[in-house]
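The values are calculated or read from the model by the stated rules, or taken from the named source; none is laboratory data. Not measured: the values here are computed from a predicted model. Using ideal geometry, Cβ is built from the backbone for each residue, glycine included, and neighbour counts are taken over all protein chains shown.
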Amino acid sequence: MRIIFHECKKVLTSPILISLIIVFSAFNIFVIVSSSDHKEELKIINEIIETYGLDITDESLDEFKSDVQIDVAELNRMTASEFTSVYEFLDGLRYEDQEKYNDEQWEFIHRLQLKEMYLNMAKSIDESYKKIDIQKMAEVEIEKYGLSGKAAETFLNENEKFSERFEEMVNKGEQKRWFFAGKAYFMHTFLFKTVFLQIIIESLLLIVLTTALITTYEFENRTHLLTYSTKRGRKLMKNKLLSSLAMATTIVFLLFAITLGTFFAVFDYSHVWGTSISSAFNWEYNFPYVAWWDISVGAFLIGVIALVFVTLLLFSGLTFALSVTVKNSYITFFLMAALFVLIWLLPGFMPKSSILLFVSAYTLPTLILTVTSSFMGSSGLILFENFEWITISFWTVITLAVCFWSYKRFLKIDIQ
């Protein structure tokens, strides 16, 4: 344990790495805070859930509609006019008339506008989902990506399974749960693409650097002949691997704690944790997010964090194996970067008539850069139900194998 502590200390006392962690954390906080101009608007959905419940039912929707009509009546009294909706009032509002209303009245109008927006979206859910034809959309995707042969057949078969899951979801009413308005605020994309992607890239940079530093430290400081001739000898590499994993865990924990702590302090998610990630309100682009299972927002967040954490540890293991072989931290860093990019681009070199197009996407770069669509059937060419656990399992075996091979090789080679 003392050896592991001293190996970790090499990183903890590195000014460059400590500075990077501080800079990355500060940048993440800046991005979140600078994008918080609509944080007050998001609180309205928590009030809606608290008042009418998480599920959207006919009864709760009628109650919501009645309360909105009462607010519209209040708006009419305030403006001495007859409007059927706040949007009708806003459309006819002249610039010179805006000063007639004080800040409190404008706050009331703005809240009413948000309520009507959510009410109208809730009322249109059934109609919007009836228009969705999974198989037809699959055919469009096949034409879009130019798929043919086995690739097209495989894609259609998986979409058949997804179509069944979609019908099951609609029948169970998973989509009828309140969440932040997707096309207005894009909260899912902001959290799981912008924020998570920052954490992922920053963690990758730090993990590769720290793992390479720990593993090659003696070689770069010309103390390897002395170190590896001691009683512990070359078995020290086991401790270096454990130290690298410990530091990777620490780095990921710090970045997640600081960044997500700031995110959820700024944006109030207090009442939406139990909402299905497949909520109709979580519809940001042409197609709604639809998970393979009934996953809540809270469970999805935990699942993605776990997925990212395990993947980053695997990258630490792969970096260790490469570092033991090349014995130079700079070369290791650039080789890992090149390897990451090549593996990420690999599907682009596959024939579009072969299932190799899909098989080649079962990689760690693909997995970690598409966390926005993790566990989703609405994720393009990587819609496969078991994509995440198969990728993790496959690359865990590869990582263990290359680490074992590099360690055994190191025990035998001449280190002069």
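What to note about this one:
- When region 118-136 is limited to residues that are in contact (Cβ under 8 Å) with a residue 40 or more places away in the chain and in contact with a Leu (Cβ under 8 Å, 6 or more places away or on another chain), the one that is surrounded by the most Cβ atoms within 10 Å (Cβ to Cβ) turns out to be A122.
- Residue that is farthest from F267 (Cα to Cα) [pool: residues in region 14-30 that are touching a helix residue (DSSP H, G or I) at 6+ places or on another chain (Cβ under 7 Å) and among the aliphatic types (A, V, I, L, M)]: L17
Okay, residues lined up against (1) crowded, with 17+ Cβ neighbours inside 10 Å; (2) touching a His at 6+ places or on another chain (Cβ under 6 Å); (3) under 22 Å from S124 (Cβ atoms); (4) acidic (D, E):
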position: C8; (1), (2), (3), (4): yes, no, no, no
position: I16; (1), (2), (3), (4): no, no, no, no
position: F27; (1), (2), (3), (4): no, no, no, no
position: S34; (1), (2), (3), (4): no, no, no, no
position: K39; (1), (2), (3), (4): no, no, no, no
position: E47; (1), (2), (3), (4): no, no, yes, yes
position: I56; (1), (2), (3), (4): yes, no, yes, no
position: E59; (1), (2), (3), (4): no, no, yes, yes
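- Residue check for K144: within 30 Å of Y185 (Cα to Cα) and surrounded by fewer than 17 Cβ atoms within 10 Å (Cβ to Cβ): yes
- Scanning region 243-279 for residues that are touching a residue at least 24 places away in the same chain (Cβ under 8 Å) and among the aromatic types (F, W, Y), we see that the one that is surrounded by the fewest Cβ atoms within 10 Å (Cβ to Cβ) is W273.
- Hey, S276 of a type in the set (S, T, Y) and closer than 20 Å to E218 by Cα or not: no
- Only helices (runs of 4 or more DSSP H) whose full extent lies in region 302-416 are considered here, and the ones with at least 3 residues that are in the same structural domain as A248 (by TED's automatic domain parsing), at negative phi and free of Cβ contacts under 8 Å to residues at least 12 places away in the same chain are 329-345, 387-412.
- Being basic (K, R), over 22 Å from E143 (Cβ atoms), surrounded by fewer than 20 Cβ atoms within 10 Å (Cβ to Cβ) and over 22 Å from the mean Cα position of the chain (by Cα) is a condition met by no residue of region 341-352.
- Filtering S60, S66, S81, S36 for residues that are within 27 Å of W178 (Cα to Cα), modelled with pLDDT under 90 and small (G, A, S) leaves a single hit, S36.
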